[in-house]
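Here is the structure we will look at, set down as structure tokens.
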Amino acid sequence: MASQSFTLANLRISQIGSFYSQNPSSPIHFFSTRNPVKSLNLTNPWMAGDSSLSLDYSASVLRTNSTTRRKIPIAVVASLPTANPESAVSDAKKPKWSWRGIKSFAMGELEARKLKYPNTGTESLLMGILIEGTSFTSKFLRAHKITLYKVREETIKLLGKADLYSFSPEHPPLTHDAQRALDSAVNQNLKAGGAGEIMPAHILLGVWSEVESPGHKILATLGFTDEKAKELESFASESGFLDE
């Protein structure tokens, strides 16, 4: 029986060799051809002479189905948390936060998490304005030598380092003075008739209005004064709190 199997194997190999010698250009496939395949020619630069390679891939593998891709919902945030929602929402006019203002808040929240603080305070709002970096307010601060590195350094001096093994929540809640600073930013827009958008300048002025807050103390340590606050407020009123 073994000799018979060996003879059949030799006969099959000889038949394949005879077929290939008569048809040298025909490829030999040692797999089932029930399912149609597509041939993909690639070039291998590492092979000398004829570098053409023939690779067979199933069409079902190469086919991509765009309908199976998971769609990621995108949420657009138009407002920030306020302790007085009735004052922030009006039938006629609803104050809107600019995208720079929203990004400043988001970056401040993220900075609080990076420092492993349990809350987002006025110092975090200040750092968020500087991290955003494109607004007139952030440029105004840097022009007066108030940089992110200095603010972060003063924050650690004032509040200390968080425990190495502590973890901040995904959205660290606002401290009371930070919430009042945001409410002050909204009130400034309402006093101006609700014209334009609420910008990082409003947030910074709100932080400065909280005299006992860490953000105010850090600004004062770095040389920010009431005169600079009035200068920033003057610019904001002249621009109508439009996009900076």
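Condition first: more than 24 Å from the chain's Cα centre (by Cα) and open to solvent by 70 Å² or more (accessible area, probe 1.4 Å). Now tell me which residues in the stretch 148-167 satisfy that. Those that are more than 24 Å from the chain's Cα centre (by Cα) and open to solvent by 70 Å² or more (accessible area, probe 1.4 Å): Lys150, Glu153, Lys157, Leu158, Leu159, Lys161, Asp163, Leu164, Tyr165.
Once the stretch 112-125 is narrowed to residues that are assigned to a helix (DSSP H, G or I) and of a type outside the set (Val, Ile, Thr), the residue that is nearest to Glu170 (Cα to Cα) is Arg113. Looking across the stretch 188-208, just one residue is in contact with a His (Cβ under 9 Å, 6 or more places away or on another chain), modelled with pLDDT under 95 and more than 12 Å from Trp97 (Cβ to Cβ), and that is Gln188. Residues in the stretch 126-147 that are open to solvent by less than 20 Å² (accessible area, probe 1.4 Å), out of contact with any strand residue (DSSP E or B) (no Cβ under 9 Å at 6 or more places or on another chain) and part of a helix (DSSP H, G or I): Leu126, Met127, Ile129, Leu130, Glu132, Thr137, Ser138, Phe140, Leu141. Reported count of residues in the stretch 168-219, each being surrounded by 19 or more Cβ atoms within 10 Å (Cβ to Cβ), of a type in the set (A, V, I, L, M) and part of a helix (DSSP H, G or I), is 12. The C-beta contact set for the stretch 98-111 (first residue assigned to a helix (DSSP H, G or I), second residue of a type in the set (Lys, Arg), distance under 9 angstrom, 6+ apart or interchain) comprises Glu111/Arg152.
The values are calculated or read from the model by the stated rules, or taken from the named source; none is laboratory data. The shown structure was predicted, so the numbers you read here are calculated from the model rather than taken from an experiment. Cβ: placed from backbone, ideal geometry, glycine included. Neighbour counts: every protein chain shown. Accessible surface areas use protein heavy atoms only, side chains included; no ligands, DNA or RNA. Shrake-Rupley method; radii C 1.70, N 1.55, O 1.52, S 1.80 Å.
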